[in-house]
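Undergrad: One structure, as structure tokens, below. Some questions next.
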Amino acid sequence: MAIRRFGLFIERLFEKHKLVRRVLVIWSAVIITLATYAIFKAPNEITAASATALATVTGILTVVIGFYQWDRKQDDGENK
């Protein structure tokens, strides 16, 4: 009985509350914030390699937003 309720709880988190979408948005915001802080902590030491790495990390946001929009369209039934 407890296992069934736990399974229903997990299903509700993923299906109704869209846990994956929310976690991905929060994860990307945290990663980008930490990378930006690490780069600009010592602005005199910013190299081309670190600027490239920051641009790559910031590109994560593009992927997450693309996934978020695709998943929202799936919810609305636009891609069925």
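Undergrad: Using alpha carbons only, how many angstrom separate the centre of the range 53-75 from the centre of the range 3-48?
TA: 12
Undergrad: Using a basic spin-label model with each label point 7 Å from the Cα along Cα→Cβ, how many nm lie between residue 53 and residue 41?
TA: A separation of 1.1 nm, rounded to one decimal place.
Undergrad: Right, next: In nm, give the distance between the simple-model label positions of residue 29 and residue 69, each being 7 Å from the Cα along the Cα-to-Cβ direction.
TA: Result: 1.9 nm between the two label points.
Undergrad: Follow-up. Which option, (1) 0.94; (2) 1.70; (3) 1.20, is the value of Rg/Rh (Cα atoms, Kirkwood Rh) that was calculated from these coordinates?
TA: Answer by label: (3).
Undergrad: Would you please name the GluC sites (Glu not before Pro) within the range 5-80 that are DSSP coil residues with at most 14 other C-beta atoms within 10 Å of their C-beta?
TA: Here the GluC sites (Glu not before Pro) that fit, given the DSSP loop and packing criteria, are 78.
Every read-out reported here was derived from the displayed coordinates using simple, explicitly stated rules and does not represent laboratory data. Only a predicted model underlies this, so the values are computations on that prediction, with no experimental measurement involved. We place every Cβ from the backbone using ideal geometry, glycine too, and count neighbours over all the protein chains shown.
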